[in-house]
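The values are calculated or read from the model by the stated rules, or taken from the named source; none is laboratory data. Everything numeric here is computed off the predicted structure, so don't read it as measured data. Using ideal geometry, Cβ is built from the backbone for each residue, glycine included, and neighbour counts are taken over all protein chains shown.
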Amino acid sequence: MPHSSGGGSHSGGSHGGSSHRSSGGGSFSSGGHSGDSGGPNPLMDSKFSRRPYKDAKKYVIYNRRGKMKYVYHEGGTTAPDWALTIVAVLVMSLIFLPIIKLASLFAYYQPHPINVNSYDSTIVIDDHIGVVDDESLAKSLEPFRAETGVAPSIEIVYDSEWIDDYDSLEKFAYNEYLRIFNDEKHWLILISYPDEFRTQEFVDWKWEGMIGDDTYSVTSKKQVIFTDIFQKHMVRSTPDQLQPAITAAFDEFTPRVMDMEKSTGAAIFMYIMLGIYLFCVRYFVKNHYEHMKMQKAYIVKGNSVQLECEYCGCMYISGTITVCPHCGAPIPAYNGE
Ligand SMILES: [Zn+2]
């Protein structure tokens, strides 16, 4: 069913449309983990540090260039578990990526035109009071239709045509929409003038936009912008200038109607979800990498000393290796001298 896109009057300013739509929100719950594992858990136990900390053992790691560095770790040298890491990253991705994708659709929405050939997209101009030229007005609205696929239509009536039978212009406009169109792809702008407007100094016109539901992909959040623009041009014009006012309003609105729409709330939500996701993935990957590094770590005993390879001069720690990590020369047993 069509609904009001907003309207206004000369004496009362403009008003917003009826919003009977709400975009559904989603929720998700991520299951908690419970229970403590008896043994070391390759996903959770890593506490890998370059600085000593309580309960941590000291290890040495030799790199290919013969340099060594100390690391501190308390969990032992548990092997990394590829399957566990992959499953963890996969599960996080399956939970978070659809949420992030959905939030991005709300945060940044690119309107797309509806197919102008999918319905009778004739621009209907119906002027009961004789102030516009139907043909040239219809022609001036064609760029809007070309841009959006939505067919705008203008109906101009006297107040007496509806005022006794309807509570409001909005209700009359609703009925007129249903009477004139059998689709939900038009945008009817209904303008009503007092019967004596030609002799009045202050003409209290009213207008109401009535828009089909199928136009939602184009105009969703832009209707309020249009209402402001249209009201502005209406206020500036006399009844004789109605046609240029309508044309000017659409000329001003058309270049903006397909602009991307942004929602700050949805964008913030999206970035928070993205942050949590990246934090978790980074945690699992970093943890896995540290477990891999620990596979090449040698525990440093309390009485160990730093020595130098006789052949290449690179440093090593006594009691950790039997061949030089740099040149491969056998290392003599350290006798404590
Ligand atoms: Zn060496």
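Structure above, values below:
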quantity	calculated
Elements of type strands (runs of 3 or more DSSP E) contained in region 13-90, each with 2 or more residues being within 16 Å of the ligand (Cβ to nearest atom) and either surrounded by 15 or more Cβ atoms within 10 Å (Cβ to Cβ) or at pLDDT 75 or above (or both)	57-62
Matching residues, region 239-297, being farther than 28 Å from L105 by Cβ, of a type in the set (A, V, I, L, M) and surrounded by 15 or more Cβ atoms within 10 Å (Cβ to Cβ)	L242, A245, I246, A248, A249, M294, A297
Identity of the residue in region 275-302, assigned to a loop (DSSP other than H, G, I, E, B) and at pLDDT 85 or above, that ends up nearest to the ligand (Cβ to nearest atom)	K296
Filter pass, D195 being touching a residue at least 60 places away in the same chain (Cβ under 8 Å) and surrounded by fewer than 23 Cβ atoms within 10 Å (Cβ to Cβ)	no
Filter result for L242 (at pLDDT 90 or above, in contact with a helix residue (DSSP H, G or I) (Cβ under 9 Å, 6 or more places away or on another chain), over 30 Å from K206 (Cβ atoms) and not in a loop (DSSP other than H, G, I, E, B))	no
Criterion: at pLDDT 95 or above, surrounded by fewer than 19 Cβ atoms within 10 Å (Cβ to Cβ) and either under 25 Å from M260 (Cβ atoms) or of a type outside the set (S, T, Y) (or both) - qualifying residue of D127, D214	D127
Number of positions in region 163-188 that are more than 22 Å from H10 (Cα to Cα) and out of contact with any Asp or Glu (no Cβ under 6 Å at 6 or more places or on another chain)	9
All positions within region 67-101 that are in contact with a Pro (Cβ under 6 Å, 6 or more places away or on another chain) and within 28 Å of C327 (Cβ to Cβ)	Y72
Failed item, numbered, when A329 is tested on (1) near the ligand (Cβ under 8 Å from one of its atoms); (2) out of contact with any Phe, Trp or Tyr (no Cβ under 7 Å at 6 or more places or on another chain)	(2)
Those residues of region 304-320 which are without any contact (Cβ under 8 Å) to a residue 60 or more places away in the chain, more than 8 Å from the ligand (Cβ to nearest atom) and part of a loop (DSSP other than H, G, I, E, B), in sequence order	S304, V305, S318, G319
